[in-house]
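Before any comments, here is the structure.
Derivation of every value follows stated rules applied to the coordinates shown; laboratory data play no part. These figures come from a predicted structure and were not determined experimentally. Here Cβ is always computed from backbone atoms with ideal geometry, including for glycine, and neighbour counts include all displayed protein chains.
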Amino acid sequence: MEEMRTRMEKQGIPTKSIDSLLALAAYQKAGGATEKTSDSVQKILNRSPYSVEQFASDYQEYFIG
């Protein structure tokens, strides 16, 4: 967590945002409800959800500029 904090600080992310992101990460790591995934995408769209990697690949032009 401290390494993550240091990296975000170096990127200029505001302290309040870092604190929030680290709190969420700790909650997930501890087995909080956000650790689990939902089957809602499958039910609603009748297809499997995309992975983060696939999404980033499909929309990389918007991230890279």
*May I ask for the Kirkwood hydrodynamic radius of the chain, worked out over all distinct Cα pairs and given in angstroms to one decimal?*
14.5 Å
*Identify all lysines with a Cα-Cα distance to residue 43 below 30 Å; exclude those on the same chain that are fewer than 8 residues away in sequence.*
29
*Got a sec? How would 47, 5 order by Cβ neighbour count within 10 Å, fewest to most?*
47, 5
